[in-house]
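Student: I'd like to ask you about the structure that follows.
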Amino acid sequence: HAHPRVVELPKTEEGLGFNVMGGKEQNSPIYISRIIPGGVAHRQGRLKRGDQLLSVNGVSVENEHHEKAVELLKSAQGTVRLVVRYTPKVLDEMEARFDKQKTRRRAN
């Protein structure tokens with residue numbers, strides 16, 4: 001397994017520049033699903049799509065609901081300290097599962 005790494009991002013008006021997916025209610029870790037082109041995370045270059053989010057400013061988001069992680073990211077001020085671990089396999093499995101759900105919904 002990849003080792004956890006600390007990534008610090010400056011919080012600006014434009015936010016942090018990434019989207020997260022997953023959460024306890026989806027039986028999935030919370031992970032970074034998209035780095036917004038030109039955003040803070042993209043310019044800094046240390047976060048990757050497929051990074052699992054372990055904590056935000058020292059608060060663990062492992063086994064937390066999606067909303068809790070989003071709330072922590074939104075309410076963070078100044079420099080936001082993220083602990084992440086690169087797990088691209090999880091991302092692929094999750095996206096495959098979401099695609100299946102979408103396809104199933106469409107079939108009805």
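The values are calculated or read from the model by the stated rules, or taken from the named source; none is laboratory data. Everything quoted here is computed from the prediction, not taken from an experiment. Please note: Cβ atoms are built from the backbone with ideal geometry, for glycine as well, and neighbour counts cover all protein chains shown. Areas reflect the complete protein model, heavy atoms only, side chains present, ligands, DNA and RNA absent. Shrake-Rupley method; radii C 1.70, N 1.55, O 1.52, S 1.80 Å.
Student: Accessible area per residue, 1.4 Å probe, Å², for segment 10-106: what's the number?
Tutor: 59 Å²
Student: Please give the calculated 222 nm ellipticity per residue for the chain, where each DSSP H segment of at least 4 residues contributes -39500 (n - 2.57) and the sum is spread over every residue; nearest 500 deg cm²/dmol?
Tutor: Details: 3 runs with 35 residues, N = 108.
About -10000 deg cm²/dmol.
Student: Could you state the orientation-averaged shadow area of the convex hull built on the Cα atoms of segment 53-108, in nm² to one decimal?
Tutor: 5.0 nm²
Student: Which of K11/K102; K74/K100; K11/K48; K11/K89 have a Cα-Cα distance over 24 Å?
Tutor: In this structure, K11/K102; K74/K100; K11/K89 exceed 24 Å between Cα atoms.
Student: Same structure again: With N denoting the number of residues in the chain, provide Rg(C-alpha) divided by 2.2 N^0.38 Å, to two decimal places. Provide the component values of the computation, followed by the final result.
Tutor: Numbers: Rg = 14.0 Å, N = 108, 2.2 N^0.38 = 13.0 Å.
Rg over 2.2 N^0.38 Å, computed on Cα atoms: 1.08.
Student: Right, here's the next one. For N19 paired with S60, estimate the spin-label separation in nm (one decimal), with each label point 7 Å from Cα along the Cα-to-Cβ line.
Tutor: According to this spin-label approximation, the distance is 2.9 nm.
Student: If you take all C-alpha pairs in segment 25-68, what percent of them are over 17 Å apart? Mind dumping the intermediate values first?
Tutor: Working: 358 of 946 pairs.
Percentage above 17 Å: 38.
Student: Calculate what fraction, in whole %, of the accessible area of the chain sits on carbon and sulfur atoms when a 1.4 Å probe is rolled over the protein chains.
Tutor: Details: 3280 of 6640 Å².
Whole-percent figure for carbon plus sulfur exposure: 49.
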